[in-house]
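Shown next, in structure tokens, is the structure this report addresses.
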Amino acid sequence: MIKKITIIILTFMTIQVNGQNILLSEDFNSGSIPSNFTTYDLDGQTLDPFLYTWMTPQASFVNVNYMGAIFAGSASLFTSPGTADKWMVTPAISLSNNSDIKTLQFDAARGDLGTTDGIEIYVSTGSSPADFLSTAALYNSTGIGHSFLGEGWDGIDVDITPYSGQTIYIAFRNNNTNQTVIGIDNIEVIEQSVANNINEEISENLFNIYPNPTKDAFSIQGEYLSFKLYDSLGKLTLSSTKKEKINISFLNNGIYSLKIQTKDFVITKKLIIAE
């Protein structure tokens, strides 16, 4: 159902240079959950035998090889209906105490075509589930779901810049009820420098996004290599190198984040999709 929204246009721009510092990178291709990751199985439920080909009867997040992909998978399909409470926690990550933008990036997909498996993301200076639950999730797709991994993965970006100067842990929580499997892959924590010496008025003229607001399509005027479009939950909805008019008629109304990659920096602008 398409909803009308009240449109408030705000100028929003972040400029980043290419320099990146990757603090954590894990693709799970080693065949097991890395030893410096910690897992918790707090629900203690027995998995449905259907899953035994890929997982043990009691499992939290485990290494899964399924449909040609190797990833960290966690199930919520049990012998009796129930809600999963399974955690995967990264090793400690020390974030620089500066204005650099810090981002958690990962891919997510559900293991069954007919389910809505999602994931919760928490950040804390402590590493136990109780530490994480003392604050709200930074990202939560539980009940919303992700793409079926047979059709592709969703690329998720989560801003963790507010934790600059701290040593943190990041938790992935499976809190799905009577679903199947949520898959997590290609985890990265990245610090990316902010360019402070670019005049705002000049940078505003580098790109023109039009029409904005838009309904069915938009164009980017300016020289760029590629772009990514994220919804309000941080879900990657479109990624392309296309230079012509870009079709977005399949997307819901809302305020989206458009990240434009050039040879030297990334510009992030707001794109409003409205009827």
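The values are calculated or read from the model by the stated rules, or taken from the named source; none is laboratory data. On a predicted model such as this, the values are computed, not experimentally measured, just so you know. Cβ coordinates were reconstructed from backbone atoms using ideal geometry, including for glycine residues, and neighbour counts include every protein chain displayed.
So here's what we get for this one:
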item: Selection count where residues are closer than 28 Å to Q192 by Cα, of a type outside the set (A, V, I, L, M, F, W, C) and surrounded by 13 or more Cβ atoms within 10 Å (Cβ to Cβ), scope region 244-263; result: 6
item: Output for region 87-135, where each listed residue is among the charged types (D, E, K, R) and outside any strand (DSSP E or B); result: D100, D112, D117, D131
item: Condition met for I121 (among the β-branched types (V, I, T) and either free of Cβ contacts under 8 Å to residues at least 60 places away in the same chain or farther than 23 Å from Y169 by Cα (or both)); result: yes
item: Residue among S232, S240 that is at pLDDT below 85 and either aliphatic (A, V, I, L, M) or surrounded by fewer than 16 Cβ atoms within 10 Å (Cβ to Cβ) (or both); result: S232
item: Test set (1) under 20 Å from the mean Cα position of the chain (by Cα); (2) without any contact (Cβ under 8 Å) to a residue 12 or more places away in the chain; (3) farther than 21 Å from V189 by Cα - G114 fails condition number; result: (1)
item: Of the criteria (1) farther than 30 Å from L258 by Cα; (2) surrounded by fewer than 17 Cβ atoms within 10 Å (Cβ to Cβ); (3) modelled with pLDDT of 95 or more, which one G68 fails; result: (3)
item: Out of A171, A137, sole residue that is in contact with a Pro (Cβ under 8 Å, 6 or more places away or on another chain) and either crowded, with 17+ Cβ neighbours inside 10 Å or more than 20 Å from L47 (Cα to Cα) (or both); result: A171
item: Lone unmet requirement of (1) assigned to a strand (DSSP E or B); (2) surrounded by fewer than 24 Cβ atoms within 10 Å (Cβ to Cβ) for S80; result: (1)
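Here's the yes/no breakdown for (1) under 20 Å from W153 (Cα atoms); (2) within 18 Å of the chain's Cα centre (by Cα); (3) in the same structural domain as I182 (by TED's automatic domain parsing):
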{"site": "G31", "(1), (2), (3)": "yes, no, yes"}
{"site": "T53", "(1), (2), (3)": "no, no, yes"}
{"site": "T56", "(1), (2), (3)": "no, no, yes"}
{"site": "V64", "(1), (2), (3)": "yes, no, yes"}
{"site": "F71", "(1), (2), (3)": "yes, yes, yes"}
{"site": "L77", "(1), (2), (3)": "no, no, yes"}
{"site": "V89", "(1), (2), (3)": "no, yes, yes"}
{"site": "N97", "(1), (2), (3)": "no, no, yes"}
